[in-house]
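Read the structure below first, then the notes.
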Amino acid sequence: QVQLVESGGGTVQPGGSLNLSCTGNIYSIFDFGWYRQAPGKERELAAVINTHNFATYSEAVKGRFTISRDNAKNTVYLQMNNLQVADTAVYYCYARLALYGENWGQGTQVTVSS
């Protein structure tokens with residue numbers, strides 16, 4: 001069973017930064033990344049990175065967020081800079097594996113408020 005453990009959420013003022021991390025208990029993760037869900041909205045892609053370190057970002061976060069992965073630690077990171085109120089959401093770790101398909105973490109809350 002795939003387990004994804006997230007950390008790094010919290011509350012920050014507009015313009016601030018946070019760094020999320022997610023560690024999986026199974027290796028060979030193809031796509032590794034983050035989705036987010038704001039209150040009353042659908043879950044949406046924030047950023048995902050594949051095994052070739054090719055990253056995809058939503059237009060909403062491009063230029064402010066940076067995704068990276070450490071395959072030796074089976075961990076994906078999301079560095080979030082210049083956070084805005086609109087970035088407030090629950091952020092879910094996402095991992096797609098060949099054998100186990102798509103998997104989700106339990107979510108971590110990010111709140112941007114003055």
Evaluate the stretch 11-22: report whether one residue or more is more than 26 Å from residue 113 (Cβ to Cβ) and either surrounded by 14 or more Cβ atoms within 10 Å (Cβ to Cβ) or without any contact (Cβ under 8 Å) to a residue 24 or more places away in the chain (or both).
-> no
Restricting attention to the stretch 90-107, the residues that are in a strand (DSSP E or B), surrounded by fewer than 22 Cβ atoms within 10 Å (Cβ to Cβ) and within 11 Å of the chain's Cα centre (by Cα) number exactly 3
Please go through the stretch 59-74 and pick out each residue that is outside any loop (DSSP other than H, G, I, E, B) and either among the hydroxyl-bearing types (Ser, Thr, Tyr) or over 18 Å from residue 105 (Cβ atoms) (or both).
-> 66, 68
Screening 56, 51 for residues that are closer than 19 Å to residue 97 by Cβ, among the β-branched types (Val, Ile, Thr), part of a strand (DSSP E or B) and without any contact (Cβ under 8 Å) to a residue 40 or more places away in the chain leaves only 56
Can we say residue 77 is outside any loop (DSSP other than H, G, I, E, B) and hydroxyl-bearing (Ser, Thr, Tyr)?
-> yes
Candidate set: the stretch 62-89, residues that are under 13 Å from the mean Cα position of the chain (by Cα) and open to solvent by 40 Å² or more (accessible area, probe 1.4 Å); chosen: the one nearest to residue 11 (Cα to Cα) = 79
Provide a single number: the residues in the stretch 16-28 that are assigned to a loop (DSSP other than H, G, I, E, B) and closer than 15 Å to residue 61 by Cβ.
-> 2
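The values are calculated or read from the model by the stated rules, or taken from the named source; none is laboratory data. Remember, predicted model here, so these are calculated numbers, not experimental data. All Cβ positions, even for glycine, are placed from backbone atoms using ideal geometry, and neighbour counts span all protein chains on display. For the accessible areas, the whole protein counts, side chains as well, though only heavy atoms, and no ligand, DNA or RNA atoms are used. Shrake-Rupley method; radii C 1.70, N 1.55, O 1.52, S 1.80 Å.
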